[in-house]
Amino acid sequence: MPELKTYDVFISHAWKYDADYDRLVMMLNEAPNFKWRNYSVPDHDPLDARNDAALTLALRRQIRPVNIVVILAGMYAAYSKWINREMDLADEFGKPMLGVKPWGQQKTPNAVTDRVDELVGWNTDSIVNAIRRNAL
């Protein structure tokens, strides 16, 4: 069997809703025949930044090397300054973006759907296949 590609992934999410982030990480870690590296910024491992400019610079360093940016597309994403800034950085670097609708959510904010390359539901196979299709 050929060697699996390792995908470098940044997951944009709101710390206030980090349970969805934790579940997504677990799903990707347990996905069969899928290798990835996590470039995200979870609340238990924050970036060392004292102000917005420093945080933006640190996020640039996190997003620049990735193959894809995955956006947890909860309704909170429409109002999150940092999720929007992460999407701006993905655009700046020409990174594809994948939207993932959290489990059970009916609506998805236009702030996400208008910008992502693909939007998928909360299903491991759907997410992994979309990463494979869209990643650089």
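The values are calculated or read from the model by the stated rules, or taken from the named source; none is laboratory data. These numbers come from a predicted model, not from an experiment. Here Cβ is always computed from backbone atoms with ideal geometry, including for glycine, and neighbour counts include all displayed protein chains.
Please list, ordered by first then second residue, the pairs with beta carbon atoms under 7 Å, 6 or more apart or interchain, first in the range 26-46 and under 16 Å from Val69 (Cα atoms) and of a type in the set (A, V, I, L, M), second at pLDDT 95 or above and in a loop (DSSP other than H, G, I, E, B).
Here the result reads Leu28/Phe34, each pair linking the range 26-46 to a residue that is at pLDDT 95 or above and in a loop (DSSP other than H, G, I, E, B).
Gly104: at pLDDT 95 or above and of a type in the set (Gly, Ala, Ser), yes or no?
Numbers: at pLDDT 95 or above: no; of a type in the set (Gly, Ala, Ser): yes.
Here the answer is no, as Gly104 does not meet what is asked.
Can you give me the ranges of the strands (runs of 3 or more DSSP E) entirely in the range 1-102 with at least 2 residues that are in contact with a Gly (Cβ under 9 Å, 6 or more places away or on another chain) and exposed (fewer than 14 other Cβ atoms within 10 Å of the Cβ)?
Numbers: elements: 6-12, 35-38, 68-72, 97-100.
So the answer is none; nothing clears 2.
Please work out which residue is farthest from the chain's Cα centre (by Cα), limiting yourself to the range 1-20 and to residues that are among the charged types (D, E, K, R) and at pLDDT below 85. Outline the logic, then answer.
Looking only at the range 1-20, we keep the residues that are among the charged types (D, E, K, R), and these are 3, 5, 8, 16, 18, 20.
This time we only want the ones that are at pLDDT below 85, so: 3, 16.
On the way: Glu3: 24, Lys16: 15 Å.
Step by step, filter the range 1-20, then rank; the result is Glu3.
Please give the number of the condition Tyr79 fails out of (1) of a type in the set (Phe, Trp, Tyr); (2) within 25 Å of Thr124 (Cα to Cα); (3) over 13 Å from the mean Cα position of the chain (by Cα).
All conditions pass for Tyr79, except number (2).
For the range 116-132, what are the residues that are surrounded by fewer than 19 Cβ atoms within 10 Å (Cβ to Cβ) and in contact with a strand residue (DSSP E or B) (Cβ under 7 Å, 6 or more places away or on another chain)? Spell out the reasoning first.
So the first thing to find is which residues in the range 116-132 are surrounded by fewer than 19 Cβ atoms within 10 Å (Cβ to Cβ), and the list is 117-119, 121-126, 129, 132.
Once the filter is applied, which keeps residues that are surrounded by fewer than 19 Cβ atoms within 10 Å (Cβ to Cβ) and in contact with a strand residue (DSSP E or B) (Cβ under 7 Å, 6 or more places away or on another chain), the range 116-132 yields Asp117, Glu118, Leu119, Trp122, Ser126.
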